[in-house]
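Below is one structure, written out as structure tokens; the observations come after it.
Just so it is clear, none of the values below were taken in a lab; they were calculated from the coordinates. Keep in mind that what you see is a predicted model, and the values were worked out from it rather than measured. Positions of Cβ are backbone-derived with ideal geometry, glycine not excepted, and every protein chain shown enters the neighbour counts.
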Amino acid sequence: MTKQCTGDELIVFDDMPIGKSLSDYWRWNASDLLNNTLRGSYCEFIVSAALGVDLSGTNDDWTPYDISFPYNWVCNGEARDEVRIEVKSCAYLQAWRQGDGRLSNIQFSIRPTRAWDSISGYAEEVKRQSDVYVFCLYTETVRERADPLVLDGWDFYIVPTHILDEQCGPQKTISLTMLKKLDPYLVQYDSLRDAVVDSLNVYPPPDILHSFYHSFLCITEKQPRTTHGAAFSSAIIIFWRFRNGLCGEEGGTTL
């Protein structure tokens, strides 16, 4: 993990300070959070903060996905200790002034990619690399009021990656209108972590219990939803967790 700088580090030439520090560069380069590039990394930062991810290191642009969220869960029968998260951002306002006061159309990137590592280079398979997508939308439409540091102005849409794979295939972008049709979790900053965890429930339990649970859901979908059905569904999930030794783990567990 690369060590963070403090900002007090001096820029030097010929062993002498030039009168500028690293924090001067940061202020000059990273103050306009409406800038597309800065907005993207800023959103990765605030989503990481909401999830409680360690932010003591530095940003790494070369990982296959944006955030590794430590969490114990099960994906298609495989025990996992992290949730791989891809973060995308959009805003109605841009760093430049749009003509005639027009607002930007909201289009998020969902492009499948090839993973890269320093040993083997780019992988051959083209796919979406994460388990969950977090789409961050800055909703302010009046430039004079715009302040991305005020998180009340952000909406967060959470969608499991396999939903995008099933509904969108290889397409590279998705509009806000189409995103809403996927029935995402729409939350504010303080509910972001819970929404990410809850979104993992779309990954079904494996093996025989998966088939039984699926059959039960098919039957109950044809009946009025009752608390008895919800309780029985919860009982199945609890039974499966005990069967696989996943109840009571620190940090919680979802299917």
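Below are the figures for this structure:
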quantity: Between region 1-36 and region 113-190, the alpha-carbon center distance in angstrom; calculated: 30 Å
quantity: Length gained when the stretch Glu166-Gln4 is fully extended (0.36 nm per residue, less Cα-Cα span); calculated: 54.3 nm
quantity: Theoretical FRET efficiency, 1/(1+(r/R0)^6), r = Cβ-Cβ of Arg145 and Asp194, R0 30 Å, to 0.05; calculated: 0.60
quantity: Positive-end residue, region 31-200 charge dipole about Cα centroid, Cβ charges, pick of Pro70, Gly169, Tyr133; calculated: Gly169
quantity: Extension gain from Asp152 to Arg97, taking 0.36 nm per residue of separation minus the Cα-Cα distance; calculated: 17.5 nm
quantity: Nitroxide proxy distance, nm - points 7 Å out along Cα→Cβ at Arg111 and Ala79; calculated: 3.8 nm
quantity: Linear extension gain, Ile119 paired with Val202, 0.36 nm per residue minus alpha-carbon span; calculated: 26.5 nm
quantity: Proxy reagent accessibility, fewest Cβ within 10 Å first, across Arg143, Arg193; calculated: Arg143, Arg193
quantity: Highest to lowest packing among 156-167, 84-95, scored as the average C-beta count within 10 Å; calculated: 84-95, 156-167
quantity: Order of Cys168, Cys43 - criterion: other Cβ atoms within 10 Å of each residue's Cβ, fewest first; calculated: Cys168, Cys43
quantity: Order of Tyr71, Tyr138, Tyr189 under a 10 Å beta carbon neighbour criterion, fewest first; calculated: Tyr189, Tyr71, Tyr138
quantity: Percent of beta bridges antiparallel (DSSP, region 31-200, rounded to nearest 5); calculated: 75 percent
quantity: Inter-label distance for Asp61 and Trp26, nm, one decimal - labels placed 7 Å from Cα along Cα-to-Cβ; calculated: 1.8 nm
